[in-house]
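Enquirer: Have a look at this one before I ask anything.
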Amino acid sequence: MKPPAFSYHDPATLAEAVALVATLDNARVLSGGQSLMPMLNMRYVLPDHLIDLRRISELAHIRQSGGDIEIGGMTRQRDIEYSDLIAAKLPLLHEAIHWVGHRQTRNRGTIGGSLCHLDPAAEMVATVVAFDATLIAQGPSGVREIAASDWTLGYMTPSLAPDEILTGVRFTPWPDGHGAAFVEFARRHGDFAIASAAAMLTADGAGRITRAVLTIGGVGPAPVRLTEAEQGLVGQLANETAFAAAARHAAAIEAIGDALVPAEYRAHLAGVMAKRALAKAWSRIDGKGKLAA
Amino acid sequence: MSWGESRTITLTVNGTSYTREVEVRFHLADVLRHELGLTGTHLGCEHGVCGACTVLINGRSARSCLMLAVQADGAEITTIEGIADIDGPHAGGLHPLQEAFREFHGLQCGFCTPGMLTTLIELLRDNPAPTEEEVRIAISGNLCRCTGYQGIVDAALATAKNLREATAPA
Amino acid sequence: MTGQIGARHPRLEDGPLLRGLGRFLDDIPAPGALHAAFVRSPHPNAAIERIDPSAALALPGVRAVVTLDDLRPHLARTRMPLGFRSSKLPPTVTASVLADGEVAFVGQAIAIVLAETRHLAEDGVAAVSIDYTTRPALVDCRDALLPNPPMVRADHPHAVVARFALGYGDTDAAFANAACVVHENLFQHRGGAHPIEPRGILARYDHAEENLSVWSSTQMPHELFYMACEVLGLDENRLKLATPEVGGGFGAKYAVYPEELAIIATARMLRREVKWVEDRREHFIGSIQERDQYWDVSLALDADGRIRGLRGSLIHDQGAYTMQDVNVAYNAGTAVAGPYLVPAFHLDIVAVQTNKTPVLTVRGAGYPQACFTMERLMDAAAARLGMDRAALRRHNLVPPEKMPYEKPLKARSGAPIWYDCGDYPACQDELLEAADWNGFAARQQVARAAGKYRGIGIAHGVKGTGRGPFESALVRVMPSGRVSVFTGAAVMGQGLATALAQVCADQLGVSPEKISVIAGDTRTITLGLGGFGSRQLVMAGSSVQLAAKAVAVKLRKMASHMIEADENDLVLTDGFVHVIGTPPAAGKTIGDIANVLRGSPGAGLPADIEPGSDAHVNFRSDQLAYANVCHIAEVEVDPETGGVDIIAYTAMQDSGVLINPLIVDGQVHGSIAHGIGNALFEWMGYDADGQPVTTNLADYLLAGATDVPRMRTLYRQTPSPLNPLGAKGVGEVSTVPVAAAIISAIEHALAPFGAHLAQAPISPAQILATLQAGGAAHGPA
Ligand code: FES
Ligand code: FES
């Protein structure tokens, strides 16, 4: 289980890196390596070139710009996990990151790497979709911004041109006091989720939902935002009936099945996770009304 | 002799600087083990699940099978061979965590041990007073087929307690 | 030092391992070695038409591609011998050293690529071109019993490997008049062994001496040695074989594999040093597994819950080749009645070939399946009779007054199954108390009020341990005052060296630190059987004790001449032989005595003295020492996800006299963790075409630290009459009842839903499917 032969490039600047991806054939970009390295060791991928972004320090940052928070593509998951800014402003991301792999893989793994690898169960992808965050790519002709809803073209296929590099992602935080929850079910701690759900809610003083987001990961070929369910929630009194109605949308996702996990089970779990994420998000709203009976 | 594209890199491992020409496709574990002769870091899966290959890179635990050696150029690395010297010298020549592994029978065949020790060293730095649950989560990415984890968890909790008591103001 | 038996002595092995200085197979410096990678079959069943290595040989650094045809002139036989030489199976059940014209499972080794690095060797593997004619595979072992099943392979075209019946008593009568009969259809599967260190072998050719030095990560060094000599046609004096540190075995290293002999033969043929280190994917497809068993069983009882009889059938998936015998099926069949009085028993067993990786013993070796079968029946019977599950069991346990108790069945050695000792009901009583079995209903109510479904399960197991026929030990006091213990037992990570040192120290009056244990080295001891069947401490420990005792007699006798005292007045303390009641230092050191006993040219020795300060004992026993266990698991199940949380786990074990309780605890903990995997996680899956679907540790799940609860261990120590230590084996015993206890607890938790669980392992998806069906879900996936 040893990697195949390849040429290794470690450009010092983003411009060099973009020039390399634009010119080299059969190249793969290496960021944290926590998905690419196993695939190399197992020879599931056979690139002629690896372009390692590790030296491009401008790609590793967490910063506030205006009301938004921008995270560089090479930011390690651990730095997100331990960021006070993220914990305060993006509680959904803060919670989601704890579900990503294990401490050793979060120390190396990057947010950009996860977004580009695009595993259907990736917590980072589900979170970005939940926020409808903006992904920022750099190509030879400049910067391109991609809405999270446009990021996924298909199973493990991001909307990234062969000559582009994902440089970062921009989140617009929800108002202080919103409720957020990321829940998932996996066979063991740190495994990819069979199903995950990300929810964010705001409410008025009367216990009525004013804004809702619900995203399901692991079930379809990519995380999905359940806009119909969200629309159904807004204006409702928050209660188990409302959450259950939203969860039915989750359970209706056309689920992928394989030798290890039957599709029906994934779909069923999607519903369960949705319900739980909504209830948990609700419980975390500051100054909300009581859960209506 | 090298059989493919190679690079000269410098690694500081357990305080010693090594400069070596390595093939770019070699992962860090192979270079530690076979180029530097530091065979205490083990390979149990080479696909990033078992954790036996865990080392500390600039103080952070990482799987050395999931990292090319060239990516570690310039890094400070601590392997199991260097743990005894952390915050040392220690009486008996072993780090308190190593002593606790012996006392609480935190190892049997010893194959997972390098990854357990390095991971727990990092945990105890991040969190000097972990709960049992936190210890278990910290090593949830390290598989052990021998111990059932209980001796390892007990060793970590006892070490945390001893270190806290040792550093507590009198 | 006396008082060693029963001491929680920290292990002698730990120092180097904790410093990263342990020397495992891949740690042995081999700078000039060629690195081997195997070309393995991608097909479950195919004829090999042509092997073309030319593209591989053209790659840089690739030195050779070796097939069976290349090796043939260098082999005395191309087919592997059967591991059990007493087996009645035909010789064609085994595989060839490398594939011989056909392949019968995905992963079968066809050729070896040898290159300057493992990377280059893997490059070469991808470049070897092979033409196959594929054939339909036999995947589901039940299909072997249908008319005209697919042929698994041409050189042994019989679907059935072995068909036999076990039994005694009149089961027809037992069932005819029974007040209660319960029936179960069970699926069981245990997966792979998965030591964290996979297998590996290094074969060094010495040009000057034309000798081969071999290191292998094996549980069976002597078996590998003798088999290599046989297959390669080697003069036994030309081969040296030793085990380095072994990173766990769990059964994976219990067999001699074709790959090992192929590597040794290649080193000899090429006159080069050759190294092969198995990677994890190879372990998944190339190392033995314990796979599917289908049990169809019934239990007959009287109205008061007394067992009348047990009968049924077992279909066992043996894989494509047989390496030793049908051990797993045989063990499972003979052990099914477990610790209970079962007056009549009949089981029809059929072991069939499939196009899958060979099956052999994984930690527990068929006993866990036997236990699961019996304990599922017991739970069903308790439910039918409206009895408490523990009470029904206690009612049927072999009582202490019937010990020793003979079951009218034979173990593989041919010796009767004879439970040597133990108090099974007392074990249960103590365990129920410790786990607060009677207080469970209250705990369940509290949990239910919080919306949680809690259940409790109990299971009993027995395990034959200390498998014979013998083990070797040579104890020698050295002039330095240190003691060497040589044994044919195999060190594989449990702490055997420490335990043997304790046994030896106890006899020789030295501290265990003064004792070096050298195990599994064919140069130091010629006979040995290795590590399996929870035997090593029992067998090698007994040999060590007897040998050390004999050495002590020699030392005392010699000392009686040196210090002019009656040997019967002499004792051994702190490295001295001295007159009882005097300070040790007033006597002679054992090193000085050994120095005299080793002889000096021309110097005389007293007439009654036999030279040398050593003794060699091969302690013999064909009887298994039966250890017993009883476990209680308490779980919470999430009926919405099927997720299982093990809340509490309490284990009682009687393994006779415990030499080192610290080590024993570790073995019990590890066994339980393995059993948790067998209950909830470990599934070596194949698709309908025979392709394995779980070939990495992300898809095949081993229990991690968050899956294993804190375990509480309890012991009774009934000395076994079968060996001088009074010991019974430990290593596998607590694996036996775990799946049974946990799945019983899950079913109990889900009783409000009418759940009936009939398989191990069981996944959350399957648990949920069971609930939705309102009955048993059943099957591998
Ligand atoms: S060898 Fe690196 S995680 Fe297993
Ligand atoms: S001690 Fe053997 S794998 Fe952990």
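The values are calculated or read from the model by the stated rules, or taken from the named source; none is laboratory data. Just so you know, these numbers come straight off a predicted model, no measurement behind them. Using ideal geometry, Cβ is built from the backbone for each residue, glycine included, and neighbour counts are taken over all protein chains shown. Note: areas computed on protein heavy atoms with side chains; ligands, DNA, RNA excluded. Shrake-Rupley method; radii C 1.70, N 1.55, O 1.52, S 1.80 Å.
Enquirer: Just give me the residues in region C:671-693 being without any contact (Cβ under 8 Å) to a residue 40 or more places away in the chain and open to solvent by less than 20 Å² (accessible area, probe 1.4 Å), in sequence order.
Expert: C:ALA673
Enquirer: Given the residues C:GLY541, C:GLY530, C:GLY602, which is the only one that is assigned to a loop (DSSP other than H, G, I, E, B) and either surrounded by fewer than 22 Cβ atoms within 10 Å (Cβ to Cβ) or touching a strand residue (DSSP E or B) at 6+ places or on another chain (Cβ under 7 Å) (or both)?
Expert: C:GLY602
Enquirer: Additional query: Just to be sure, is A:LEU226 more than 14 Å from every other protein chain (Cβ to nearest Cβ), in contact with a Ser or Thr (Cβ under 9 Å, 6 or more places away or on another chain) and under 17 Å from A:VAL272 (Cα atoms)?
Expert: Yes; evaluated as a whole, the condition is true for this residue.
Enquirer: Can you tell me which residue within region C:5-54, out of those that are at pLDDT 95 or above, open to solvent by 40 Å² or more (accessible area, probe 1.4 Å) and more than 30 Å from the chain's Cα centre (by Cα), is nearest to C:ALA137 (Cα to Cα)?
Expert: Residue satisfying both the conditions and the ranking: C:GLU49.
Enquirer: Which residue is nearest to ligand 1 (Cβ to nearest atom), if the candidates are limited to region B:14-73 and must be farther than 25 Å from B:LEU123 by Cβ, in a strand (DSSP E or B) and more than 10 Å from chain C (Cβ to nearest Cβ)?
Expert: Residue satisfying both the conditions and the ranking: B:LEU68.
Enquirer: From the list A:ILE256, A:ILE216, which one is at pLDDT below 95 and under 19 Å from the mean Cα position of the chain (by Cα)?
Expert: It is A:ILE256.
Enquirer: Are any residues in region C:463-479 charged (D, E, K, R) and over 16 Å from the mean Cα position of the chain (by Cα), and if so, which ones?
Expert: Scanning region C:463-479 gives C:GLU471, C:ARG476.
Enquirer: If you don't mind, there's one more thing I want to ask. Which residues, taken from region B:98-118, are closer than 20 Å to B:ASP87 by Cα, surrounded by 24 or more Cβ atoms within 10 Å (Cβ to Cβ) and within 13 Å of ligand 2 (Cβ to nearest atom)?
Expert: Correct list: B:PHE101, B:THR113, B:PRO114, B:GLY115, B:MET116, B:LEU117.
Enquirer: Tell me which of these A:ASP68 doesn't satisfy, since it passes every other one: (1) away from every other protein chain (no Cβ under 13 Å); (2) surrounded by fewer than 18 Cβ atoms within 10 Å (Cβ to Cβ); (3) in contact (Cβ under 8 Å) with a residue 24 or more places away in the chain; (4) in contact with a Leu (Cβ under 9 Å, 6 or more places away or on another chain).
Expert: (4)
Enquirer: Could I ask something else about it? May I ask you to list pairs of residues, at least six apart or on different chains, whose Cβ atoms are under 6 Å apart, with the first in region C:560-582 being within 24 Å of C:ILE515 (Cα to Cα) and open to solvent by less than 50 Å² (accessible area, probe 1.4 Å) and the second being basic (Lys, Arg) and part of a loop (DSSP other than H, G, I, E, B)?
Expert: Note: no pairs meet the criteria.
Enquirer: Just checking: which of the strands (runs of 3 or more DSSP E) contained wholly in region C:59-173 hold 3 or more residues that are of a type in the set (A, V, I, L, M, F, W, C) and open to solvent by 40 Å² or more (accessible area, probe 1.4 Å)?
Expert: In region C:59-173, the matching strands (runs of 3 or more DSSP E) lie at C:160-168.
Enquirer: Among the residues of region A:167-205, how many are in contact with a Ser or Thr (Cβ under 6 Å, 6 or more places away or on another chain), closer than 12 Å to A:TRP99 by Cβ and more than 10 Å from chain C (Cβ to nearest Cβ)?
Expert: Residues in region A:167-205 being in contact with a Ser or Thr (Cβ under 6 Å, 6 or more places away or on another chain), closer than 12 Å to A:TRP99 by Cβ and more than 10 Å from chain C (Cβ to nearest Cβ): 2 in total.
Enquirer: For region C:736-758, which residues satisfy the criterion of being more than 17 Å from C:CYS427 (Cβ to Cβ) and touching a Lys or Arg at 6+ places or on another chain (Cβ under 6 Å)?
Expert: Once the filter is applied, which keeps residues that are more than 17 Å from C:CYS427 (Cβ to Cβ) and touching a Lys or Arg at 6+ places or on another chain (Cβ under 6 Å), region C:736-758 yields only C:ALA749.
Enquirer: Could you list all residues from region C:172-190 that are over 24 Å from C:GLY386 (Cα atoms) and polar (S, T, N, Q)?
Expert: Scanning region C:172-190 gives a single hit, C:GLN188.
Enquirer: When B:GLU81 is evaluated against the numbered criteria (1) modelled with pLDDT under 95; (2) facing chain C (nearest Cβ under 9 Å), which criterion, by number, is the only one it fails?
Expert: Checking B:GLU81 against (1) modelled with pLDDT under 95; (2) facing chain C (nearest Cβ under 9 Å), the one that fails is (1).
Enquirer: Follow-up question, since we're still on this one. Do we find that C:ALA688 is among the aliphatic types (A, V, I, L, M), within 20 Å of the chain's Cα centre (by Cα) and assigned to a loop (DSSP other than H, G, I, E, B) in this structure?
Expert: So C:ALA688 does not fit the description; no.
Enquirer: Quick check: anything in region C:419-429 closer than 30 Å to C:PRO752 by Cβ and assigned by TED's automatic domain parsing to the domain that holds C:GLU640?
Expert: Checked against the condition, which is being closer than 30 Å to C:PRO752 by Cβ and assigned by TED's automatic domain parsing to the domain that holds C:GLU640, region C:419-429 yields at least one hit.
Enquirer: So, one more: Being more than 16 Å from ligand 2 (Cβ to nearest atom), open to solvent by 10 Å² or more (accessible area, probe 1.4 Å) and hydrophobic (A, V, I, L, M, F, W, C) narrows it down to one residue among B:LEU68, B:LEU38; which is it?
Expert: Within the list B:LEU68, B:LEU38, the selection yields B:LEU38.
Enquirer: Among the strands (runs of 3 or more DSSP E) contained in region C:454-523, which hold 3 or more residues that are at pLDDT below 95?
Expert: Strands (runs of 3 or more DSSP E) meeting the threshold: none at all.
Enquirer: Let me ask something additional. Are there any strands (runs of 3 or more DSSP E) wholly within region A:100-166 with 2 or more residues that are open to solvent by less than 20 Å² (accessible area, probe 1.4 Å) and either assigned by TED's automatic domain parsing to the domain that holds A:GLY72 or within 16 Å of ligand 2 (Cβ to nearest atom) (or both), and if so which?
Expert: A:134-139
Enquirer: Then there's this: Confirm whether B:ILE137 is away from ligand 2 (no atom under 15 Å from the Cβ) and more than 16 Å from the chain's Cα centre (by Cα).
Expert: Yes.
Enquirer: Can I ask one more? Looking at this structure, is C:ASN696 open to solvent by 10 Å² or more (accessible area, probe 1.4 Å), at the interface with chain B (Cβ under 10 Å from one of its Cβ atoms) and of a type outside the set (Val, Ile, Thr)?
Expert: For C:ASN696, the condition - open to solvent by 10 Å² or more (accessible area, probe 1.4 Å), at the interface with chain B (Cβ under 10 Å from one of its Cβ atoms) and of a type outside the set (Val, Ile, Thr) - is met.
Enquirer: Also, quick follow-up: Would you confirm whether any residue within region C:125-146 is under 28 Å from the mean Cα position of the chain (by Cα), basic (Lys, Arg) and modelled with pLDDT of 95 or more?
Expert: Yes - at least one qualifying residue is present in region C:125-146.
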